[in-house]
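The values are calculated or read from the model by the stated rules, or taken from the named source; none is laboratory data. Keep in mind that what you see is a predicted model, and the values were worked out from it rather than measured. Every residue, glycine as well, gets a Cβ built from its backbone with ideal geometry; the counts of neighbours run over all protein chains shown. Quick note on the areas: whole protein, heavy atoms, side chains included, nothing else; ligands and nucleic acids left out. Shrake-Rupley method; radii C 1.70, N 1.55, O 1.52, S 1.80 Å.
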Amino acid sequence: MMSRIRFILGALTLAFILAVTVPVNAQQRNPDSSVNPTASSVKEQQLRQELQRIQGRGTIPDTKSYLIEQPAGRDWRAFHEVTLRWIGAVAILGMLVVLVLFYLIRGMVRLEAGRSGRVLVRFSAFERLVHWMTAACFIILAVSGLNISFGKALLLPTIGADAFTTWSQWAKYAHNYLSFPFTLGVVLILLMWLPWNIPNKVDVEWLKEGGGIVGHRHPPAYRFNAGQKAVYWVQVLGGGAMVASGYLLMFPFYATDIAGMQVAEIVHGIVAMLFVAIMLAHIYIGTIGMEGAFEGMWDGTVDVNWAKEHHSLWLEQEARKGHLGAPAQARAQPAE
Ligand code: HEM
């Protein structure tokens with residue numbers, strides 16, 4: 001009896017030992033039965049899933065460098081290389097298509113009454129200086145910034161690695177240094193034109209009539225109409241967002257951690273694409289879109305008939321202040 005019990009106990013013990021050791025052995029051997037030296041170590045994948053990051057230890061003071069991998073970095077890279085490019089392509093190319101179609105269908109908004117030959121001052125020398133300084137910085141910031149988003153995909157295969165490297169380095173210097181005059185421009189524009197950009201009832205009427213751009217009606221407006229006020233606020237708020245997120249990127253990790261840096265880049269990238277698209281519309285309407293508009297920002301004066309058609313309430317204010325002059329100065333006409 002005792003020997004039977006001993007036999008059963010021995011068999012059970014053997015079965016238990018086999019059950020525990022066989023899977024371990026199976027793990028430690030490759031299919032060809034050679035030993036797999038890393039089989040029992042923790043997998044990268046497991047660590048990323050459980051800890052959301054792989055972090056090591058280090059001896060240098062910059063503890064950020066101890067972080068080796070984190071899934072959020074992959075999401076950010078996917079945003080930067082796929083999503084942002086789509087947003088940019090749709091916004092910028094979409095706007096270009098709309099503007100070309102608009103020009104083909106509507107054409108230039110003409111001065112219906114023709115030129116009167118009398119002009120009035122629209123922008124002072126200081127206002128024009130601030131406008132053109134900010135505009136020049138904006139264009140260079142936009143081109144050099146778009147190079148970061150699209151250059152590797154579009155330019156690198158076309159011009160080759162050496163030329164792309166040289167161009168990108170200069171573009172990056174321009175982007176960093178022109179950020180300072182651009183910031184000054186955003187602040188000056190905010191202060192200099194704020195009094196004329198507060199929305200009011202006239203804007204509602206102007207918007208209801210589609211700004212007179214579609215059709216031939218000319219809804220009244222003060223110095224800036226609702227469309228121009230929208231551009232002003234895009235410039236001030238969009239410019240403000242670009243400045244804030246841009247400096248976070250330019251001086252990395254001073255005010256934010258890595259997650260904050262990623263948010264800053266996402267904000268900077270998305271606002272940039274929308275900003276560029278909106279400014280294309282602004283450039284269109286200020287040049288080939290409307291007769292008589294460009295000269296206001298170029299030499300500072302506009303024709304009285306232009307003011308009558310597009311800013312009738314402002315013209316009345318200027319006339320009351322005696323700014324029309326008598327006799328009014330005529331724009332120099334070329335000899336026939
Ligand atoms: C104060 C103003 C600005 C500052 C300080 C600034 C700074 C920066 C910095 C540091 C970067 C990252 C560069 C890199 O990754 O090496 C960047 C990227 C970029 N910037 Fe600006 N920037 C400013 C204004 C603008 C403006 C006005 C635009 C366009 C209208 C613009 C468009 C872009 C674009 C498209 C990118 C690339 C975004 C991406 O692909 O992730 N930036 N900027």
Practice item. Hey, could you check segment 64-77 for residues that are closer than 19 Å to I266 by Cβ, open to solvent by less than 50 Å² (accessible area, probe 1.4 Å) and assigned to a helix (DSSP H, G or I) and say which is modelled with the highest pLDDT? Key: G73
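Within 16 Å of the ligand (Cβ to nearest atom), of a type outside the set (K, R), modelled with pLDDT of 95 or more and surrounded by 13 or more Cβ atoms within 10 Å (Cβ to Cβ): which single residue out of E316, E295, E265 fits that description?
E265
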Check your understanding: Is there any pair linking a residue in segment 267-287 that is within 14 Å of A241 (Cα to Cα) to one that is open to solvent by 40 Å² or more (accessible area, probe 1.4 Å) and near the ligand (Cβ under 8 Å from one of its atoms), with Cβ under 7 Å and at least six apart or on different chains, and which?
Key -> H268/L249
Practice item. With the condition kept exactly as written, say whether any residue in segment 146-155 is open to solvent by less than 20 Å² (accessible area, probe 1.4 Å) and of a type in the set (V, I, T). Key: no
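Condition check ((1) part of a helix (DSSP H, G or I); (2) open to solvent by 80 Å² or more (accessible area, probe 1.4 Å); (3) more than 16 Å from the ligand (Cβ to nearest atom)) across all residues:
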residue: R85; (1), (2), (3): yes, no, no
residue: V90; (1), (2), (3): yes, yes, no
residue: V98; (1), (2), (3): yes, yes, yes
residue: E112; (1), (2), (3): no, yes, yes
residue: R115; (1), (2), (3): no, yes, yes
residue: H131; (1), (2), (3): yes, no, no
Check your understanding: Do we find that M108 is within 27 Å of the chain's Cα centre (by Cα), surrounded by fewer than 18 Cβ atoms within 10 Å (Cβ to Cβ) and touching a residue at least 12 places away in the same chain (Cβ under 8 Å) in this structure?
Key -> no
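If you check L280 against the conditions, is it within 30 Å of Y177 (Cβ to Cβ), within 16 Å of the ligand (Cβ to nearest atom) and in contact with a Leu (Cβ under 7 Å, 6 or more places away or on another chain)?
Values: within 30 Å of Y177 (Cβ to Cβ): yes; within 16 Å of the ligand (Cβ to nearest atom): yes; in contact with a Leu (Cβ under 7 Å, 6 or more places away or on another chain): yes.
Considered against the rule, which asks whether it is within 30 Å of Y177 (Cβ to Cβ), within 16 Å of the ligand (Cβ to nearest atom) and in contact with a Leu (Cβ under 7 Å, 6 or more places away or on another chain), L280 comes out as yes.
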**Study point:** Unique match (being open to solvent by less than 30 Å² (accessible area, probe 1.4 Å) and charged (D, E, K, R)) among E205, E127
**Key:** E127
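Can G212 be described as more than 16 Å from the ligand (Cβ to nearest atom) and touching a Pro at 6+ places or on another chain (Cβ under 6 Å)?
When the stated conditions are applied, G212 passes them.
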Check your understanding: Mind checking whether some residue in segment 134-144 is open to solvent by 40 Å² or more (accessible area, probe 1.4 Å), more than 16 Å from Y232 (Cα to Cα) and not in a helix (DSSP H, G or I)?
Key -> no
Check your understanding: Which number in (1) out of contact with any Pro (no Cβ under 7 Å at 6 or more places or on another chain); (2) assigned to a helix (DSSP H, G or I); (3) more than 9 Å from the ligand (Cβ to nearest atom) marks the one condition that V119 misses?
Key -> (2)
Check your understanding: Do we find a residue being within 20 Å of I140 (Cα to Cα), within 21 Å of the chain's Cα centre (by Cα), more than 14 Å from the ligand (Cβ to nearest atom) and not polar (S, T, N, Q) anywhere in segment 243-256?
Key -> no
Check your understanding: Do any residues in segment 166-186 that are over 11 Å from G145 (Cα atoms) have Cβ atoms under 6 Å from those of residues that are of a type in the set (S, T, N, Q) and near the ligand (Cβ under 10 Å from one of its atoms), where the two are at least six apart or on different chains, and which pairs are they?
Key -> G185/T134
Exercise for review: Could you please tell me which pairs satisfy a Cβ distance under 7 Å, a separation of 6+ or placement on different chains, a first residue in segment 116-144 that is among the acidic types (D, E), and a second residue that is within 16 Å of the ligand (Cβ to nearest atom)?
Suggested key: none
